[in-house]
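The values are calculated or read from the model by the stated rules, or taken from the named source; none is laboratory data. Please read these numbers as outputs of a predicted model, since none were measured by experiment. Cβ coordinates were reconstructed from backbone atoms using ideal geometry, including for glycine residues, and neighbour counts include every protein chain displayed.
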Amino acid sequence: MNNNVIISCPVTGSGDTAKKHPNLPITPKQIAEAAIEAQVGSEAGRLFSNLLFSKIMPNLKKIGLLNDEVSEKYEEMGILEFKDLDDATVTDWDEMSKPLEYAYKTA
C-alpha cells in the first residue's frame, strides 16, 4: 500500500488568473515567498516540523551538540522542547564512522 501524500498549493492561481486578482505573485521572488508563506503557515507545515524536530533534537543532545549558545537559538525557534524525547536508536559508533556506500545507476 502506498501512503505517500502530495499536497499541491497553486500560489499563482489557475490559468490566466493574474488579470482577475491583483495580489497574485508574478515574479519568481514573489512566487517563492508565497510558497514559503503557504507552507510555514499551514497545519501540514507545523506537523512536519514537529515530526522532524522530534527526531533531530534528541539526537543532537545525545551527540553533544546542544550547548548554551545554540540552545538559545533553538528555544527562539520553538523546538528546544523536543530535546528530552527518546533518541532514534542505539548508536553503533563503529558503524557510523564507516564511509557511505553509494549505489549509482543510470536509466
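Here are some notes:
- Of the helices (runs of 4 or more DSSP H) entirely within the chain, those holding at least 1 residues that are modelled with pLDDT of 85 or more occupy 28-40, 43-62, 68-77.
- Scanning region 36-61 for residues that are surrounded by 15 or more Cβ atoms within 10 Å (Cβ to Cβ) and over 20 Å from F82 (Cβ atoms) yields a single hit, A38.
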